[in-house]
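Below is one structure, written out as structure tokens; the observations come after it.
Throughout, read-outs are computed from the coordinates displayed, never taken from laboratory work. Every value quoted in this text rests on a predicted model; they were computed, and no experiment measured them. Here the Cβ positions follow ideal geometry from the backbone for every residue, glycine too, while neighbour counts run over all protein chains shown.
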Amino acid sequence: MPINTTEEIQQLSAVFKLLSEPNRLKILTSLNMECRPVSDIVKATGLSQTNVSFHLRLLREAGLVRPERKGAFIYYCLPDARLMEHVKNFHHWIEQKGKADTDKTT
């Protein structure tokens, strides 16, 4: 599906800008389809609770994570399995591109 409008390009650019911050990618990959409380995300990423909460707020506002209350705790989840699939696909593409670039120089 082609990206034709300025609005579509701006929306896509906003998502890529959010994902360009390494700590946000750490948070997303730590979720990987498992809903987790902030304390688990802190342990998995090694980031401070303040830092995790800040990034979760931005990711939540963009619709890249969703909060889910379970008793007294709020768990954060990926809203759609396709999000991690896209991240994994980009990672695979980068790995393949790196191999192709290496092959060109050898």
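What 222 nm value per residue comes from the helices of the chain, counting each DSSP H run with n ≥ 4 as -39,500 (n - 2.57) and dividing by all residues, nearest 500 deg cm²/dmol?
-21500 deg cm²/dmol
Hey, fewest Cβ within 10 Å first, where do VAL42, VAL65, VAL15 land in order?
If I rank by nearby Cβ atoms, fewest first, I get VAL15, VAL42, VAL65.
Using a Cα distance threshold of under 18 Å, what count of lysine pairs results for the chain when pairs must be 8 or more residues apart or interchain?
6
So the label point goes 7 Å from the Cα of LYS99 along Cα→C-beta, right? Which residues of segment 57-90 then have their backbone N under 11 Å from it?
none
Label-point separation (nm) for GLN11 and SER53, each offset 7 Å from Cα along Cα-to-Cβ?
3.2
Choose one of VAL42, LEU59, ILE27: the residue whose Cα lies farthest towards the positive end of the charge dipole of segment 6-79 (beta-carbon charges +1 Lys, Arg; -1 Asp, Glu; about the Cα centre).
My answer, from the dipole projection, is VAL42.
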